[in-house]
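For reference, the structure discussed in these notes is given below.
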Amino acid sequence: MKFKRLLPWIVPIVLLGSWQLFSSIGWISNRVLPNPIDIFTAAVELTKSGQLVADVWISTQRAFWGFVVGGGIGFLLGLANGLSKTAESLLDSSIQMIRNIPHLALIPIVILWFGIEEEAKLFLVALGTFFPIYLNTFHGIRSVDKSLIEMANVYGLKGLSLFLEVIFPAALPSILVGVRFALGITWVTLIVAETIASNSGIGYMAMNAREFMQLDVVVLSIILYALLGKLSDITAKLVEKRFLKWHPTYQK
Amino acid sequence: MTKDHKNEPILQLDNIVKSFDGKEVLKKIDLHVNKGDFIAVVGKSGCGKSTLLRIIAGLEEISSGSLLVDGTELKGRNQLAKMMFQDGRLLPWKKVSDNVGLGLKSEEKKQIPTILKQVGLAERANVWPAVLSGGQKQRVALARALIHDPELLLLDEPLGALDALTRMEMHELIEDLWKEKQFTAILVTHDVEEAVALANRVILIEEGEIVMDLPVHLPYPRQRDNPLFSSLVSQILNRIMGKKRKVEANLTTLAKTSTSASVRRA
C-alpha cells in the first residue's frame with residue numbers, strides 16, 4: 001500500500017538525481033543547464049534578499065485580478081446570453097468574432113496603449129480568461145436538462161428561485177471547467193506579458209537574470225511558474241470538490 | 001373506495017384534440033374522472049397516453065376541445081395536480097430531504113420527515129440522490145409529489161424502469177397512500193397487470209382514441225392469482241394485440257420484468 005503512494009514520485013526523483021549527477025560529473029555544462037542544487041541555492045538567496053517573494057507576490061496579484069475581472073465579465077455575459085435569447089442574438093456573434101483574435105497578438109497595441117504598466121498585464125490576462133469562462137457559462141446554462149426545468153415548474157419554481165435552485169447548480173460543473181481552463185490561460189498570458197513588457201514580477205526576474213547570464217535564476221523562474229500554475233489548478237480542484245459534492249464523479 | 005364525494009367530477013375532458021405539426025396525436029378524447037378514482041391509462045408506446053397526461057397537468061396546450069378541472073376551464077398549469085415522472089427527475093445537487101421540500105415554504109418543510117417515513121425513506125433524508133437505487137429515487141419523487149397534498153396525482157410510467165420486485169413494493173406503497181390520502185390518481189403505464197392491480201378504471205388508448213373503458217371491481221389489495229384478475233388482464237391484452245389470445249398473454253408481462261431480483265427496501 002505504501003509502495004503505491006510512492007509510485008508517482010519515483011520518476012521525478014530519478015530524473016532529478018540523474019540531472020544532479022550528470023551536472024556534477026560534467027556531462028551537462030553549467031552554461032547550458034545549471035544543476036538542481038545551484039537552482040535551490042539561488043532560490044534561497046533570492047528569498048533572503050526579499051526579491052523572490054516580492055516578484056512572486058506581484059505576479060500572483062496580477063494573475064488574481066486579471067482573472068477576477070476577465071472571469072467576472074465572462075461569467076456575467078455568459079449568464080445573460082444563456083438566459084436570454086435577445087441578449088444572445090445581440091452579443092454572441094460579436095463575442096465569437098473577437099474570440100478568433102489570439103489575445104497575445106494584441107501585445108504590441110497593448111504596449112502602445114498602456115505602456116508596461118499594470119494595466120497592460122491586467123488587460124491581457126482579463127481578455128485571456130474572459131473567453132473560456134464566457135463559453136462554458138453560456139454552454140452550461142444552455143444545456144440544462146429541460147425536463148428538470150419542467151419538473152421545477154410543476155413544483156412551483158420560477159424566476160430567481162428557478163435560477164438559484166435548478167439552472168445555476170446544473171450549469172456549475174461546466175462553469176468550473178471554464179474556471180480551470182481560464183486559470184491555465186492566466187499563467188500563460190502572464191508569462192508572455194511579463195517577459196516582454198514588465199519591470200517587476202517573475203517574468204521580469206527571468207529576463208533580468210538572462211542579461212547577467214544567471215542561468216540558475218532563469219530556470220528558477222520557469223519552475224516558479226510551473227508551481228504557481230499547479231497551485232491554482234489544485235485550488236480549482238478543491239473548489240470543484242467542495243461545490244460538486246453531489247456529482248457522481250465525487251461520490252466515494 | 002367508499003367516499004361521500006363519489007361521482008363528483010374532478011376532470012371533464014370533452015372533444016379533446018391535440019396535434020403536433022399537423023399530426024393528430026389525440027383525436028376527440030372524452031373522459032370524465034370522478035374524485036377519488038384511480039384511473040389507469042394503458043396503450044402501446046406512441047398512442048398518445050403520455051400526451052393526455054401532460055395535457056391534464058397543463059404542460060401541453062390542447063388544440064381544441066374543453067378541459068374542466070373542478071368545474072373551471074384549465075389555463076396554464078393545473079394547480080390541483082402534481083406529477084411523478086418516469087425518470088424521477090430529482091435534482092442531483094439537493095439532498096433527499098431538500099428534493100422533497102422543493103418549492104415549499106419553510107413551515108411546510110416540517111412535513112418532510114413525516115412524508116419520508118411514509119414512503120419508507122426516513123433513514124435516507126440526508127443523502128445525495130446519486131447513491132439511491134431506482135426504486136428509492138421514485139419513492140423520493142412520490143414523497144415530493146405527495147407533500148403538496150395534491151387532489152390529483154399524475155403518474156407518468158413512474159415504475160417503468162424498475163425491476164419486478166421493486167415494482168410490486170411500489171404498487172403496495174402507492175395503493176396504501178392512495179387509500180389513506182384519498183387523492184385522485186391517473187396512472188399512465190404500458191404494463192396491463194400494473195393497471196389492473198391498482199386502478200378502479202382502466203382506459204385503453206389506441207392511435208389517439210379511447211377504445212376501451214373498463215371498470216375494475218376487484219377488492220384491494222388485489223390478488224394476482226384471482227381468476228377474475230387474470231381474465232381482466234387478458235381481456236385488455238387481447239384488445240391491444242388485436243387477436244384472440246388467451247390467458248398465456250399475461251405471461252409476457254411477467255417474463256419481461258424478472259431479470260433483476262434484488263429487493264431494496266430502505
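Miscellaneous remarks
- Residues that are over 14 Å from residue A:223 (Cβ atoms) and of a type in the set (Phe, Trp, Tyr) were ranked within the stretch A:17-54; the one that is surrounded by the most Cβ atoms within 10 Å (Cβ to Cβ) is A:22.
- Enumeration of residues in the stretch B:93-147 that are more than 21 Å from the chain's Cα centre (by Cα), in a loop (DSSP other than H, G, I, E, B) and away from chain A (no Cβ under 14 Å): B:107, B:125
- If the condition is being out of contact with any Pro (no Cβ under 8 Å at 6 or more places or on another chain) and over 21 Å from residue A:184 (Cβ atoms), then the stretch A:221-247 contributes only A:245.
- Some residue of the stretch A:223-238 being touching a Phe, Trp or Tyr at 6+ places or on another chain (Cβ under 9 Å), of a type in the set (Lys, Arg) and either farther than 19 Å from residue A:74 by Cα or within 14 Å of another protein chain (Cβ to nearest Cβ) (or both): no
- Among residues of the stretch B:150-187, those that are surrounded by fewer than 17 Cβ atoms within 10 Å (Cβ to Cβ) and either closer than 18 Å to residue B:117 by Cβ or without any contact (Cβ under 8 Å) to a residue 60 or more places away in the chain (or both), counted: 5
- Odd one out for residue A:229 among (1) of a type outside the set (S, T, N, Q); (2) within 20 Å of the chain's Cα centre (by Cα); (3) surrounded by fewer than 14 Cβ atoms within 10 Å (Cβ to Cβ): (3)
- Residue A:217 meets all of the listed conditions (1) of a type in the set (A, V, I, L, M); (2) in contact (Cβ under 8 Å) with a residue 60 or more places away in the chain; (3) under 26 Å from residue A:74 (Cα atoms) but one, namely (3).
- Annotation: residue A:94 fulfils all but one of (1) within 30 Å of residue A:133 (Cα to Cα); (2) in contact (Cβ under 8 Å) with a residue 12 or more places away in the chain; the unmet one is (2).
- All conditions but one from (1) out of contact with any strand residue (DSSP E or B) (no Cβ under 7 Å at 6 or more places or on another chain); (2) surrounded by fewer than 20 Cβ atoms within 10 Å (Cβ to Cβ); (3) touching a residue at least 24 places away in the same chain (Cβ under 8 Å) apply to residue B:218; the one that does not is (3).
- Qualifying positions in the stretch B:112-122 - of a type in the set (S, T, N, Q) and surrounded by 18 or more Cβ atoms within 10 Å (Cβ to Cβ): B:118
Each row is one residue, and each column tells you yes or no for (1) closer than 17 Å to residue A:231 by Cβ; (2) part of a helix (DSSP H, G or I).
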{"site": "A:27", "(1), (2)": "no, no"}
{"site": "A:33", "(1), (2)": "no, no"}
{"site": "A:44", "(1), (2)": "no, yes"}
{"site": "A:48", "(1), (2)": "no, yes"}
{"site": "A:59", "(1), (2)": "yes, yes"}
{"site": "A:73", "(1), (2)": "no, yes"}
{"site": "A:77", "(1), (2)": "no, yes"}
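- Only a single criterion out of (1) closer than 17 Å to residue B:94 by Cα; (2) in contact (Cβ under 8 Å) with a residue 12 or more places away in the chain is not satisfied by residue A:143, namely (1).
- Filtered residues of the stretch A:199-252 (kept if in a loop (DSSP other than H, G, I, E, B) and closer than 23 Å to residue A:34 by Cβ): A:201, A:212, A:213, A:214
- Unique match (being more than 14 Å from chain B (Cβ to nearest Cβ) and farther than 23 Å from residue B:88 by Cβ) among A:185, A:141: A:185
- For the stretch B:17-76, a residue qualifies if it is farther than 19 Å from residue B:187 by Cβ, touching a strand residue (DSSP E or B) at 6+ places or on another chain (Cβ under 9 Å) and among the charged types (D, E, K, R), and the qualifying residues are B:18, B:24, B:27, B:28, B:30, B:61, B:70, B:73.
- Number of positions in the stretch A:34-60 that are aliphatic (A, V, I, L, M) and more than 30 Å from residue A:125 (Cα to Cα): 1
- When A:200, A:174 are screened for being away from every other protein chain (no Cβ under 14 Å) and either of a type outside the set (Val, Ile, Thr) or within 26 Å of residue A:110 (Cβ to Cβ) (or both), only A:200 passes.
- Residues located in the stretch A:144-163, provided they are part of a helix (DSSP H, G or I), within 11 Å of chain B (Cβ to nearest Cβ) and not polar (S, T, N, Q): A:146, A:148, A:149, A:150, A:151, A:152, A:154, A:162
- Selection within the stretch B:128-141 - buried (at least 17 other Cβ atoms within 10 Å of the Cβ) and of a type in the set (A, V, I, L, M): B:132, B:140, B:141
- Within the stretch B:60-92, the set of residues being within 12 Å of another protein chain (Cβ to nearest Cβ) and of a type in the set (Gly, Ala, Ser) comprises B:76, B:81, B:88.
- Among the candidates B:185, B:161, residue that is at negative phi and modelled with pLDDT under 90: B:161
The values are calculated or read from the model by the stated rules, or taken from the named source; none is laboratory data. If you're wondering where the values come from, they're calculated on a predicted model, not measured in any experiment. A quick note on method: Cβ atoms are made from the backbone with ideal geometry, for glycine too, and the neighbour counts reach across all protein chains shown.
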